[in-house]
Structures are given as structure tokens and as C-alpha cells.
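S.K.: If you scroll down you'll find the structure; I have some questions about it.
Here, each number is a calculation from the coordinates, and none is a lab measurement. Predicted model only: the values in this text are computed from it and were never measured. All Cβ positions, even for glycine, are placed from backbone atoms using ideal geometry, and neighbour counts span all protein chains on display.
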Amino acid sequence: MEIKKIHHVAYRCKDAKETVEFYRDVLDMDLVLAISEDQVPSTKDPDPYMHIFLDAGQGNVLAFFEIPNSPPMGRDENTPVWVQHIAFEVEDMDALLAARDKIEAAGLDVIGPTDHHIFKSIYFFDPNGHRLELVANVDQPGMLEKLHEVAPAMIDEWSVTKRAPRHAAFLHDGEFELEDTSI
Ligand SMILES: [Fe+2]
């Protein structure tokens, strides 16, 4: 099997129009298309829905459903608010800082930039309570390759200890040095 890319991901929204306007005005994401039915296609249940598809760049699509006949949407109360989120990439740090200013000017609270060593991030919430992240990559050459190399061992250790493995500590210890690959 070869997965080509994420075709779309879908979340629930409280109000389709409000959601379209938020992503358009705050994140400059266009409405690609809307699909709406009064019946659920698979079950034929009468349950009107509005399914919106937003352009997240380079063919990536972020979708939402408004389903007014269901109880108000909540969230998984057993999971901290920072865990489930949607992250979008911007061009560079200048773009990230400009985005922060724009989002704050729209009246939203923004956290960050937070330094993740291979990228820096800002965080905020959409009108539905979905946590959003904007990311600017700042990795140095070789960093991602080194992280990729240690990833399987990190998972193995984590599965036993449930404590953070130290394989990637070089990132925040400032110890990262390019290995000489010419020899
Ligand atoms: Fe993230």
C-alpha cells in the first residue's frame, strides 16, 4: 500500500458559518466546498448536516461537520486540552510572528512561540474549542535524520518505563553537532 497524503480530516463544529469565517479571516483558509444533506447517506436517518472543506494548503483539506440535531459538542474531559490539536505549517519565523500578531489582533489569546528545537510553535483555540498550532521549522541539517534514527528505540523504552527516554536529549541540551559523514 502507498498512502499518497491525508485527503481530509474531519472534526465537529458548532456553527458552519462561524467556522468558515474564522478560518477565512484569521488563517486565510478558503472554503473549498460544502456538502449538505437532510439524511445520513449510509443509514438514511433524518439528520441534517453541513460538511465543510477548508483549504489548508498544498492540497491538504480540513473538514468540519455541523450537526444541529445532536447534543452540544463537548470534549474528552479525561484528556488535557493541549493534547488533541491541529497543526499547520507556515513558511518561517517571520511568518509565525506575523501570524501571532494577526491572531492576537483578532482578540484571541496566543501561547508562544514555544521552542521545540526542530520547530517553533504558537497555540490558540478556534471557536469550537479545537486547539490550533502554527509551526515554523527551525531544524538544523542532520537533526531530523538523527531523531528518525532513535525513534524506534525511544518507543521501545517508553513502552516499558512510561518515562521520557533520553535519546533525543541532545536537542535541548544544546549538544547537537553534525556528525562528519564524509568519512
Ligand atoms: Fe503539535
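S.K.: Need one number: % antiparallel among DSSP beta bridges in the stretch 1-103, to the nearest 5.
M.R.: Expressed as a percentage, antiparallel bridges in the stretch 1-103 total about 75.
S.K.: OK, next. Could you grab the relative contact order for the chain? Cα pairs under 8 Å, six or more apart, rounded to a whole percent.
M.R.: In percent, rounded to a whole number, it is 16.
S.K.: While we're on this one: In the chain, what % of DSSP beta bridges are antiparallel (nearest 5)?
M.R.: Taking every DSSP beta bridge with both residues in the chain, the antiparallel ones total about 70 percent.
S.K.: Follow-up. For the stretch 19-65, list log₁₀ I(q)/I(0) at each q in 0.13, 0.24, 0.33 Å⁻¹, using the Debye formula over Cα point scatterers of equal strength and ignoring solvent, two decimals each.
M.R.: -0.35, -0.80, -1.15
S.K.: Mind jotting down a quarter of the surface of the convex hull over the alpha carbons of the stretch 35-115, in square nanometres, one decimal?
M.R.: Projected area, direction-averaged: 8.2 nm².
S.K.: Got the relative contact order for the stretch 97-171 handy, in percent, Cα pairs under 8 Å and 6 or more residues apart?
M.R.: The value is 18 percent.
S.K.: Next question, about the same structure. When the label point is put 7 Å from the Cα of Glu91 along its Cα-to-beta-carbon vector, which residues of the stretch 29-69 have a backbone N closer than 16 Å?
M.R.: Residues 29, 57-58 fall inside that zone.
S.K.: Just how many % of Cα pairs in the chain lie over 23 Å apart, if you round to the nearest whole percent?
M.R.: When all Cα pairs of the chain are counted, 57 percent exceed 23 Å.
S.K.: Could you tell me the center-to-center distance, by alpha carbons, between the stretch 47-68 and the stretch 98-136 in angstrom?
M.R.: Cα centroid of the stretch 47-68 versus Cα centroid of the stretch 98-136: 21 Å apart.
S.K.: Report the calculated FRET efficiency for Val40 and Lys17 (r = Cβ-Cβ distance, R0 = 22 Å), to the nearest 0.05.
M.R.: In this case the efficiency is close to 0.55.
S.K.: Determine, for the chain, the count of lysine pairs separated by eight or more sequence positions (or lying on different chains) whose alpha-carbon distance falls under 23 Å.
M.R.: Close lysine pairs under the 23 Å cut-off: 5.
S.K.: Turning to a different aspect of this structure: GNM, the chain, Cα, under 10 Å: largest mean-square fluctuation among Ala95, Ala151, Ala56?
M.R.: Ala151
S.K.: Okay, helix-only estimate at 222 nm for the chain: each DSSP H run of n ≥ 4 adds -39500 (n - 2.57), divide by all residues, round to 500 deg cm²/dmol; what do you get?
M.R.: -8000 deg cm²/dmol
S.K.: Say the dipole of the stretch 25-183 comes from +1 at the beta carbon of Lys and Arg and -1 at that of Asp and Glu; which of Pro68, Ala34, Ile52 then lies farthest toward its positive end?
M.R.: The Cα lying farthest towards the positive end belongs to Pro68.
S.K.: Still on this structure, please answer the following. Taking other Cβ within 10 Å of each residue's Cβ, how do Glu77, Glu66, Glu37 sort, fewest first?
M.R.: Least to most surrounded, the residues fall as Glu77, Glu37, Glu66.
S.K.: Could you work out how far apart the two model spin labels at His148 and His172 are, taking each label as a point 7 Å from the Cα in the direction of the beta carbon, and quote it in nm?
M.R.: That separation, rounded to one decimal, is 2.5 nm.
S.K.: State to the nearest 20 debye the size of the charge dipole of the chain about its Cα centre, where the only charges are +1 on K and R beta carbons and -1 on D and E beta carbons.
M.R.: Once rounded to the nearest 20, the dipole reads 580 debye.
S.K.: If the elastic network links every pair of Cα atoms under 10 Å, which of Asp15, Asp156, Asp55 fluctuates the most in the Gaussian network model of the chain?
M.R.: Sorting by GNM fluctuation, first place goes to Asp156.
S.K.: If I build a Gaussian network model for the chain, linking alpha-carbon pairs within less than 10 angstrom, which residue out of Asn60, Asn69, Asn137 has the largest mean-square fluctuation?
M.R.: Answer for the Gaussian network model of the chain: Asn69.
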